[in-house]
Structure formats: structure tokens, C-alpha cells
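Colleague: Below: one structure in C-alpha cells.
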Amino acid sequence: MTAEKFKQIKSELEQEYRSVAGFTLLFDHEGYLWEPKDWNEKVAVALARECGIADLSENHWKVVNFMREYYFTYGRAPLNSQLKKGTGLSIAEINALFPGGIKKDGRRIAGLPNPRACL
Amino acid sequence: METNDLIYLDNAATSFPKPPEVLASMHENYALYGVSPGRGSYDLAVYAAELVWQTRVKLALFFNAPEPSRVIFTANATDALNLAMQGLLQPGDHVVSTQLEHNSVLRPLHHLRERNSVEYDLVPFDQQGLINPDDIVRAFKPNTRLVVVSHASNVLGTVQPIKEIGCLCAEHGIPLLIDVAQSAGHIPVNMQDLQVSVIAFTGHKALLGPAGIGGLIIAPDLDLQTTRFGGTGVDSHDLRHTQIYPHRLEAGTLNMPGIFGLSAALDYLEQKAEMLQKQEMLMTKLLYDGLKEIKGVRMISPEPKGESVPVLTCTVKGKDASVIGEILDGDYQIAVRTGLHCAPLVHQVLKTAETGGVRFSPGPFNTQAQIKLAIEAMAEIAAMW
């Protein structure tokens, strides 16, 4: 195995403990929480600040809470249509809430796992 | 999940919906003849083998290939490309390919290079998304044993000058392998006229067949090494894999529903290809004309004129393409493909690797009304920032 290949595989498997809002939590190599159950609201606020969101608004919480509720009920993140229906917001409105978009920042702040898909 | 109101513009990923005739024929034939072909002396197995052979003949006619026995069934184009490259290349060989390639070519080549068995060079494309055939010749080395080129770009929709490349490869005695995943069904692919040695195709895109079936078509003067071994239904007494085509490169029971579906799709195209191709290019031109006028939308694909396939990629004000795709889907029920389209080098060259692109690929069943809605949606989205 070449050094480049080794580095790539290592990077994909890499986990990192970080202290967030006073909690020591495990994240994957792209900054997604490893274990969604480790999430709490203080963690969400701290992760939001890392994403450039100074304060989470009512709509932010609506989206984050719906994503988590859906994830723990169905075992996966909601589809675009479900997110729209569940929050009463348009996808454009939801995306405008998160600088990196729903699947990147939205999921990170909600503490959901890495979608690991070519977006 | 409701799909009735969906405007599907992701036909370059897979055509959808499939013609009802294709689905019906696939179901009917599999229900009636879905036994293991050629693996027994009972009539039904013999008849199933005959249906498989007829599909090879149809494919040979479709691609103007000389020998139906050299039509090899695979799972898809990626599988076919792997089979071709691994069957043609030996340690120490050199390959010439292009920066336009999909990962279905780039990754097998990278894998072979990682194993220190093959080296390769990738020639660039110009501002019109075209390869200069002379660049390919300039990249030749004494140990060049293969040229691999995608017939049509899955990002730009441009069609490469395969005839000129084929002529030059023939002059130099180097086999040319073309990936027709994005061209077959949209434009003619004439193996003999193009002087192509090997064609890798998939059934589920513009050929309008089901997923899971594709193939390789090999010229009579070229042999591929067997790289997969197993049951073929012939020469069973011998532990060595048979070297008779097509079994030489096929192992295990064939994908009968896929073959039945592909066969029906070829029949469908024989009757309707011209009309469908006109319709999808009309929609593509309409879409291009609309998108290019939207402030903030930057077309990556050149204008579709002359020979091209219905693929248009753009960016929107430097925004992450996945965000545009989510809004199109969630708020407008328009399905497109965003990101790098498994062709990372194209996006690197065009400096769109960070945001990715938004790719629209109309199909034969899209309507003018749908295209107008897509343009309106993009205008509204581009105005958001």
C-alpha cells in the first residue's frame, strides 16, 4: 500500500475527540458527531457557532429538532419533502438558515451522522 | 413517496421512467423464460439461450459490430471497462486517456498504477470540452498498449472526435476502447466506421433498458485475457475457463431480466430512436437558451450544437451545487444531479471542484412545459443571493 493510499484510508477512518461546550465528544474526519445520542442543546449551540451561526433562532431549532425526531423514529435523516412538510418551511428558507446547507451544517448541528454521499 | 409531479432531469444518471413496453416485455419474458440459459438439455433452457443470443445479435447490429459472439454481457459500463482494461493490459504497459473521463475509467487506471503494473497519461480538453486527437498521438510511448476515451462527457455533454482518434489509433496499431455510457442511444455509435476496438456500454441510460445490464463489444482482431473464472455451461470437464467467445469473458448465470429488458429496449429504440433523440435535443437547446440568460448562472457546458448529448451543467453564483439541487428538489420537485458527477478532473480543470456543478439531463419524455418550469425555478433560485 502506498503512503498516499494509507493516508487516505486512515483519514476516512479517523475519529477525533474534541471538547465542545464542556463535553468531550467523538467526531468523524468531516466534523460530524460520531454518536447522535451524545448530542444536547448546548452542543448544538457550540457547533452552530463553529458553522458561523452566532445564535440559533426559533426556525433553526424547528429544523434541528425535526431532523433529530425523524432520525430517531425512522433511523435516517428526513428527505427534502419530509423536512419541508415537517417544519413548514421551504427548502430555500431552511438552506438560508445554514451557511453550509442542510446536509452539511444542518446535519452537523443536529448531531446526525455523516451522510457520506457525493452531494 | 409521490413521484407523479416530479420533473426528472437526471437521465444521464439513469433514464427514468422506462418505456412501459420495456418493463412489460421484461416482466413477461422473465416470467415465461427466466431459466438458466444454455445450462441444460431441456427445451426451455435452449430457448432461453436463443433469446440471449438474439440480444447479442441485436446489440451487434445496433453498434455495427462484426461478430455477435464478441458481445459480452456485464453488469454495467463500469464493469465492462474494468473487464476490458484488466483483460488487455499487462505489467509495463502504458495507457493514454483523457481528463474528461468518469471515475469508471480513472479509478481502474489508478488502481493498476498503484499496483505498479501500468502507467498512464491523460490528455487535456479544450474550452469547447473537446479532445485534440493529435494530443493523443503525442502522448504515445513505445509501450502504449491502449487508448481509452469516453465518447460523450457526462459533465459537459460534448462528443469527442472518435472517428479521427480511431483512425490515428489504427495507424499506430493501438487498440481504442470507448466508453459509450453517455452516447449510446443518443447518437449513432458505429464500431466499424469509428475504427474502435472495444466498446463499453450500459443498458440503463439512453438505451432505456433496466439497470444491472451492460456489456463489452470486442473487435475480431483483438483478444482479452480472462480475468473472471467460473461456470459457463460449456467445456465443463475442463478446469481451465473456456477461451471461446463470449463465454471466455462471462462467468456465472447471466442477468436474464436485464437481458430481456435490454432486448425490448433495443426494439423500442429501433422504432422510435430518431423521434426521441430529436425531442431530447430540442429540450436541451430550450433549456440551454433559458439558463444562459439567467443572471448568476454560469454555463459550464458549451452550447449544444452539432453533435452533442442532452447534458447541461452550470453553477449558480459560486453556491454549493448541492444546495441548489436540494432547493430544486424540495421546493420545485425537479430532480437534477449535483456535485462532481464522478468526473473530478473535469471539475478541477474548470475550477468548479469546490462547489460542484448542477447537471440537467433531459430525457425523451420531458415536455416543453417542464423545461420552462425548470428555467423559471433556476431564475428564482439565482435571485435568492
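The values are calculated or read from the model by the stated rules, or taken from the named source; none is laboratory data. Because the structure is a prediction, the values reported are computed rather than measured. Counting neighbours? That spans all protein chains shown, and the Cβs are built from the backbone with ideal geometry, glycine included.
Colleague: Kindly provide the set of residues from the stretch B:198-214 that are aliphatic (A, V, I, L, M) and surrounded by fewer than 24 Cβ atoms within 10 Å (Cβ to Cβ), ordered by number.
Modeller: Within the stretch B:198-214, B:211 is the sole residue that qualifies.
Colleague: I've got another one for you. Go through the stretch B:353-376 residue by residue and tally those that are at pLDDT 95 or above and among the hydroxyl-bearing types (Ser, Thr, Tyr).
Modeller: Qualifying residue count for the region: 2.
Colleague: Among residues belonging to the stretch B:229-286 that are of a type in the set (A, V, I, L, M) and surrounded by fewer than 17 Cβ atoms within 10 Å (Cβ to Cβ), point out the one that is farthest from residue B:63 (Cα to Cα).
Modeller: Once the filter is applied, the top-ranked residue is B:239.
Colleague: Kindly indicate which of B:12, B:60, B:65 is surrounded by fewer than 21 Cβ atoms within 10 Å (Cβ to Cβ), modelled with pLDDT of 95 or more and touching a strand residue (DSSP E or B) at 6+ places or on another chain (Cβ under 7 Å).
Modeller: So the residue among B:12, B:60, B:65 that is surrounded by fewer than 21 Cβ atoms within 10 Å (Cβ to Cβ), modelled with pLDDT of 95 or more and touching a strand residue (DSSP E or B) at 6+ places or on another chain (Cβ under 7 Å) is B:60.
Colleague: Another question about this same structure. Considering (1) within 23 Å of residue B:300 (Cβ to Cβ); (2) part of a loop (DSSP other than H, G, I, E, B), say which one residue B:135 fails and leave the rest.
Modeller: Only one criterion is unmet by residue B:135, namely (2).
Colleague: Can you tell me which residue within the stretch B:101-119, out of those that are farther than 20 Å from residue B:174 by Cα and in contact (Cβ under 8 Å) with a residue 60 or more places away in the chain, is nearest to the other protein chains (Cβ to nearest Cβ)?
Modeller: The residue in question is B:103.
Colleague: Working carefully through the options B:325, B:363, B:356, B:330, find the one that is at positive phi and outside the structural domain of residue B:157 (by TED's automatic domain parsing).
Modeller: B:356
Colleague: Using the structure shown, decide if residue B:122 is touching a residue at least 12 places away in the same chain (Cβ under 8 Å) and assigned to a helix (DSSP H, G or I).
Modeller: Considered against the rule, which asks whether it is touching a residue at least 12 places away in the same chain (Cβ under 8 Å) and assigned to a helix (DSSP H, G or I), residue B:122 comes out as no.
Colleague: What's the total number of residues in the stretch B:293-331 that are within 9 Å of another protein chain (Cβ to nearest Cβ) and either of a type in the set (Ser, Thr, Tyr) or within 20 Å of the chain's Cα centre (by Cα) (or both)?
Modeller: 1
Colleague: Where the second residue is modelled with pLDDT under 90 and the first is within 12 Å of chain B (Cβ to nearest Cβ) and lies in the stretch A:105-119, which pairs have Cβ atoms under 6 Å and are six or more apart or on separate chains?
Modeller: A:115/A:103; A:119/A:103
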